[in-house]
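> I have a structure here, written as structure tokens, and I will follow up with some questions on it.
The values are calculated or read from the model by the stated rules, or taken from the named source; none is laboratory data. Given the structure is predicted, the values throughout are model-derived calculations rather than measurements. When we count neighbours, we look across all protein chains shown, and the Cβ atoms used for this are built from the backbone with ideal geometry, even at glycine.
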Amino acid sequence: MNYLRTAILLAGLTALFMAVGYLIGGQGGMMVALLIAAGMNLFSYWNADKLVLSMSGAHEIDERTAPDLHAIVRDLARNAGLPMPRVYLMDNPQPNAFATGRNPDHAAVAVTTGLLEMLSREEVAGVLAHELAHVKNRDTLTMTITATIAGAISMLAQFGMFFGGGHRGSNNGLGIVGTLLMVILAPLAAMLVQMAISRTREYSADRLGAEISGHPEWLASALAKIDRAAHAIPNETAELNPATAHLFIINPLSGARMDNLFATHPATENRIAALMGLARTMGRTSYASGTAAARGAAPRGPWGGSRASGPWG
């Protein structure tokens, strides 16, 4: 089902890409856009994960340099019945994370330094379980390809601002008005696609991630803390590449730009409520206790304190 959804998404984004090309250069521009889109689709399938990781400033870390983080990922992957993914670190003060890769055998999870500094070990495990849920659900292919192509559409729209305004040929007929509409609507159309694939996907990954870790309250606590920090700590890398925003567990954009007109994630409070409902059915910790770390009452994780019980001890 995910492969069919990906194919439909690629077809839709390709059509949008061609429409932007038409507005810029008429029939010739549309054909050039088709050729570019075809090459981009092929490239994206095989290399979009590498491109997204590079755009996010992520670098791979091994078990020697980050043994605790690797241990968490390894044990959670075992719980989920997944191969061990590659682990990446982003030097970024905002706590956040995402997963990428075309399938579970070529998956990667990336976390920011801010996530490790601000969250407890339990909360980090909750976040990583959520990201592994995306891998298990095979969401990452759709998410990563969308980030790549939507980013390209936004770039093409900006290109049209400088070179499309002077087009007056009969093939187009829209002139400066068409160019302005294209510059405004093309990025928003790409953002709408991102929004459509994000909302239900996040709820599903929250639930499966909670089942993987066995502690829904860990993820609920992490979401509360990340959401609060994301509004206070800018993510400059994400601001420069807003098409990647839907990849992250919490929207990393500040809202200061037009790119954030459409939310790419469900309301955090709704996600927390769903997780705590799941925690109650599992007989786990209450919400007040589960979010103590978010209020600063709980000890830090391996990057600053005690370890919690769980599959890693």
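Each row is one residue, and each column tells you yes or no for (1) surrounded by 24 or more Cβ atoms within 10 Å (Cβ to Cβ); (2) part of a helix (DSSP H, G or I); (3) modelled with pLDDT of 80 or more.
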site	(1), (2), (3)
Ile197	no, yes, no
Gly209	yes, yes, yes
Arg228	no, yes, yes
Ala243	yes, yes, no
Ser254	no, no, no
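> Every residue in segment 70-82 that is under 29 Å from Ile233 (Cα atoms) and either under 19 Å from the mean Cα position of the chain (by Cα) or free of Cβ contacts under 8 Å to residues at least 60 places away in the same chain (or both), please. Show your work before the answer.
We begin by selecting, within segment 70-82, every residue under 29 Å from Ile233 (Cα atoms); these are 70-73, 76.
Answer for segment 70-82, where residues must be under 29 Å from Ile233 (Cα atoms) and either under 19 Å from the mean Cα position of the chain (by Cα) or free of Cβ contacts under 8 Å to residues at least 60 places away in the same chain (or both): His70, Val73.
> Scan segment 112-123 and report the pairs whose first residue is over 16 Å from Ala232 (Cβ atoms) and whose second residue is at pLDDT 95 or above and part of a helix (DSSP H, G or I), with Cβ atoms within less than 7 Å and a gap of 6+ or a chain change.
If the second residue must be at pLDDT 95 or above and part of a helix (DSSP H, G or I), the pairs left are Leu116/Val124; Glu122/Trp218; Glu123/Trp218; Glu123/Ser221; Glu123/Ala222; Glu123/Lys225.
> Tell me which strands (runs of 3 or more DSSP E) are completely within segment 43-149 and hold 2 or more residues being buried (at least 24 other Cβ atoms within 10 Å of the Cβ) and at pLDDT 95 or above, or say none if there are none. Walk me through how you get there before you give the answer.
On the way: elements: 58-61, 86-90, 97-100, 108-112.
By residue number, 97-100, 108-112.
> What pairs come out if I take residues in segment 83-98 that are farther than 15 Å from Ala245 by Cβ and aromatic (Phe, Trp, Tyr) and pair them with residues that are at pLDDT 95 or above and part of a strand (DSSP E or B) whose C-beta lies under 6 Å away, six or more apart or interchain?
Final answer for the pair search is Tyr88/Ala58; Tyr88/Glu60; Tyr88/Ala108; Tyr88/Ala110.
> Go through Ala33, Ala15, Ala99 for me and flag whichever is closer than 13 Å to Thr144 by Cα and not aromatic (Phe, Trp, Tyr).
Every option except Ala99 fails the conditions.
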